[in-house]
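Trainee: Got a structure for you, questions after.
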């Protein structure tokens with residue numbers, strides 16, 4: 001059976017100043033198929049999709065929809081061509097209901113009829129298997145429910161070509177399975193679906209074909225049945241990459257950090273952490289999993305002295321003198337003054353970890369500037385460290401004097417992680433350390449964390465990729481709504497088990513309501 005092209009790109013080029021984001025890219029998406037777009041961070045995937053969705057306009061090249069050339073200057077014009085994009089960061093109004101968000105901005109004659117709109121929404125949901133309450137407010141919804149609203153919103157507007165940007169980034173395995181079931185039904189209905197993703201296992205699971213971009217160039221398109229993780233990775237990176245995460249057994253593990261009955265409350269009186277207790281041992285990688293916003297960031301910030309603690313204690317077992325120190329209510333500086341080498345890679349890199357206007361060398365000095373004497377600071381050691389991080393982590397930068405804000409997100413990440421590991425910590429806390437990194441760099445970070453583990457460092461790893469958590473960590477703690485829902489052995493646990501623990505707190509709260 002001959003396939004019909006829904007969307008065709010011919011020679012699409014887009015530049016931003018001297019940066020070529022896309023260079024003469026040509027590819028085709030057919031009706032009734034799911035096409036995955038793969039590429040490293042900065043390969044041009046999102047820029048290309050943004051041109052299809054009307055957010056950017058190409059410098060050169062042509063876009064064809066249903067065989068006819070299309071000129072798309074805005075998202076509204078994209079909808080006229082029945083194209084809809086579901087962005088990674090949802091564009092919803094929290095105080096409005098699902099139905100109100102879905103019809104918001106529609107240019108329909110007469111007054112909005114919410115009842116009629118709700119009937120159409122339920123009809124769409126029934127056709128594809130969505131679970132949606134048109135009357136529910138956005139602020140009451142889970143991440144997957146918000147995503148459902150975004151998808152229904154573009155279907156309500158008649159989209160036949162759907163673009164999803166990292167659709168599973170913050171979903172549990174169960175929610176991902178449900179989403180893929182819906183996408184397959186939409187494919188069977190003749191929709192053309194494009195997924196931007198970096199998760200190779202999901203690409204192989206849900207797509208029919210996969211197109212690979214590298215440094216703004218189109219590399220090739222494969223039938224998914226002919227693809228492997230190794231082959232796709234080599235196409236993305238341009239060289240062979242070993243996709244094995246080494247996991248050694250902890251050697252002589254002893255308690256390094258003990259958290260007991262920890263409780264934190266926001267300024268509004270909302271419980272951020274509730275009765276959290278766990279132990280982290282030397283020479284192990286202790287993973288933390290949970291739906292986004294479940295308290296992972298607040299927990300790490302509380303340990304690092306950045307979040308006020310209302311109840312409980314945080315005990316640090318100092319390996320140098322055998323003393324036990326209570327870190328509660330200490331500032332980060334007081335923690336350092338105790339000689340406790342506690343390194344923290346926060347989720348907000350430039351907001352908390354680095355100073356954007358400072359160059360790489362100066363950002364290395366943030367760890368040691370108080371050791372300077374008089375008005376002069378020692379710069380050779382930070383300079384050498386900056387050079388070593390650039391070389392070993394393959395940071396793309398003109399040099400050590402480049403302001404950090406001029407680096408891509410992935411390269412900012414490398415600078416921060418490299419600096420914190422170089423501080424020789426006894427406890428290393430990392431939150432989403434590979435977010436925004438390409439596969440090659442991600443595996444470099446995993447190897448660095450394993451090297452710290454072998455040195456006896458207690459590593460706390462907050463991650464969102466459950467496959468990585470299960471392969472890298474020794475134990476995994478699952479947190480939901482600020483409470484611990486379980487601690488499992490990563491060697492024997494399954495993704496499904498962790499997914500259930502990630503949602504168990506939410507189900508308990510719904511039962512209590």
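The values are calculated or read from the model by the stated rules, or taken from the named source; none is laboratory data. None of these values were measured; they are calculated from a predicted model. With ideal geometry, Cβ positions are generated from the backbone for all residues, glycine too; neighbour counts draw on all protein chains shown.
Trainee: Report the residue count in segment 467-484 for those that are buried (at least 22 other Cβ atoms within 10 Å of the Cβ) and closer than 21 Å to residue 143 by Cα.
Mentor: 7
Trainee: Do we find that residue 23 is modelled with pLDDT of 90 or more and out of contact with any helix residue (DSSP H, G or I) (no Cβ under 7 Å at 6 or more places or on another chain) in this structure?
Mentor: Numbers: modelled with pLDDT of 90 or more: yes; out of contact with any helix residue (DSSP H, G or I) (no Cβ under 7 Å at 6 or more places or on another chain): yes.
When the stated conditions are applied, residue 23 passes them.
Trainee: How many residues are under 26 Å from the mean Cα position of the chain (by Cα), surrounded by 13 or more Cβ atoms within 10 Å (Cβ to Cβ) and more than 23 Å from residue 471 (Cα to Cα) when one looks only at segment 247-272?
Mentor: 4
Trainee: Can you spot a residue in segment 176-196 that is at pLDDT below 90 and in a loop (DSSP other than H, G, I, E, B)?
Mentor: no
Trainee: Among the listed residues 208, 220, 226, identify the single one that is in contact with a strand residue (DSSP E or B) (Cβ under 8 Å, 6 or more places away or on another chain) and loosely packed, with under 14 Cβ neighbours inside 10 Å. Explain how you work it out, then say what you get.
Mentor: On the way: 208 fails: loosely packed, with under 14 Cβ neighbours inside 10 Å; 226 fails: in contact with a strand residue (DSSP E or B) (Cβ under 8 Å, 6 or more places away or on another chain).
When all the criteria are applied, what remains is 220.
Trainee: Tell me, which residue of segment 121-139 that is part of a helix (DSSP H, G or I), buried (at least 18 other Cβ atoms within 10 Å of the Cβ) and touching a residue at least 40 places away in the same chain (Cβ under 8 Å) is farthest from the chain's Cα centre (by Cα)? Show your work before the answer.
Mentor: Of the residues in segment 121-139, the ones part of a helix (DSSP H, G or I) are 121-128, 138-139.
Filter once more, keeping what is buried (at least 18 other Cβ atoms within 10 Å of the Cβ): 121, 125, 128, 138.
Within this subset, residues satisfying the condition of being touching a residue at least 40 places away in the same chain (Cβ under 8 Å) are 128, 138.
Numbers: 128: 27, 138: 21 Å.
It comes out as 128.
Trainee: Could you list, in sequence order, all residues of segment 76-104 that are closer than 29 Å to residue 6 by Cα, assigned to a loop (DSSP other than H, G, I, E, B) and under 29 Å from the mean Cα position of the chain (by Cα)?
Mentor: Hits for segment 76-104 are 82, 87, 88, 89, 90, 91, 92, 104.
Trainee: Looking at the structure I just gave you, is residue 291 free of Cβ contacts under 8 Å to residues at least 24 places away in the same chain and either outside any loop (DSSP other than H, G, I, E, B) or closer than 19 Å to residue 432 by Cα (or both)?
Mentor: On the way: free of Cβ contacts under 8 Å to residues at least 24 places away in the same chain: no; either outside any loop (DSSP other than H, G, I, E, B) or closer than 19 Å to residue 432 by Cα (or both): yes.
In short, no.
Trainee: What are the residue pairs meeting all of these: first residue in segment 261-283, first residue on the phi > 0 side of the Ramachandran plot, second residue buried (at least 22 other Cβ atoms within 10 Å of the Cβ) and in a loop (DSSP other than H, G, I, E, B), Cβ atoms under 8 Å, and 6 or more apart or on different chains?
Mentor: Going by the 8 Å Cβ cut-off, the qualifying pairs are 283/457.
Trainee: Do we have any residue at all in segment 437-454 that's assigned to a loop (DSSP other than H, G, I, E, B), in contact (Cβ under 8 Å) with a residue 60 or more places away in the chain, on the phi < 0 side of the Ramachandran plot and out of contact with any helix residue (DSSP H, G or I) (no Cβ under 8 Å at 6 or more places or on another chain)?
Mentor: First, the residues of segment 437-454 that are assigned to a loop (DSSP other than H, G, I, E, B): 437-438.
Add one more test, that the residue is in contact (Cβ under 8 Å) with a residue 60 or more places away in the chain, and what stays is 437-438.
Still in the list and also on the phi < 0 side of the Ramachandran plot: 437-438.
Imposing the further condition that a residue be out of contact with any helix residue (DSSP H, G or I) (no Cβ under 8 Å at 6 or more places or on another chain) reduces the set to none.
So far as segment 437-454 goes, no, none of its residues is assigned to a loop (DSSP other than H, G, I, E, B), in contact (Cβ under 8 Å) with a residue 60 or more places away in the chain, on the phi < 0 side of the Ramachandran plot and out of contact with any helix residue (DSSP H, G or I) (no Cβ under 8 Å at 6 or more places or on another chain).
Trainee: Would a scan of segment 423-432 turn up a residue that is modelled with pLDDT of 85 or more and either farther than 30 Å from residue 358 by Cβ or surrounded by fewer than 19 Cβ atoms within 10 Å (Cβ to Cβ) (or both)?
Mentor: no
Trainee: Could you please let me know if residue 458 is under 19 Å from residue 276 (Cβ atoms), in the same structural domain as residue 417 (by TED's automatic domain parsing) and either touching a residue at least 12 places away in the same chain (Cβ under 8 Å) or buried (at least 20 other Cβ atoms within 10 Å of the Cβ) (or both)? Give the derivation first.
Mentor: Details: under 19 Å from residue 276 (Cβ atoms): yes; in the same structural domain as residue 417 (by TED's automatic domain parsing): yes; either touching a residue at least 12 places away in the same chain (Cβ under 8 Å) or buried (at least 20 other Cβ atoms within 10 Å of the Cβ) (or both): yes.
Criteria met by residue 458.
Trainee: Residues in segment 475-492 that are more than 22 Å from the chain's Cα centre (by Cα) and not in a strand (DSSP E or B): how many?
Mentor: Final tally of qualifying residues: 2.
Trainee: Do the conditions hold for residue 322, that is, is it loosely packed, with under 14 Cβ neighbours inside 10 Å and in a loop (DSSP other than H, G, I, E, B)? Talk me through it step by step, then tell me what you get.
Mentor: Details: loosely packed, with under 14 Cβ neighbours inside 10 Å: yes; in a loop (DSSP other than H, G, I, E, B): yes.
Answer is yes for this residue.
Trainee: Separate question: Here are the criteria: (1) within 31 Å of the chain's Cα centre (by Cα); (2) not in a loop (DSSP other than H, G, I, E, B). Tell me which single one residue 69 does not satisfy.
Mentor: Exception for residue 69: condition (1).
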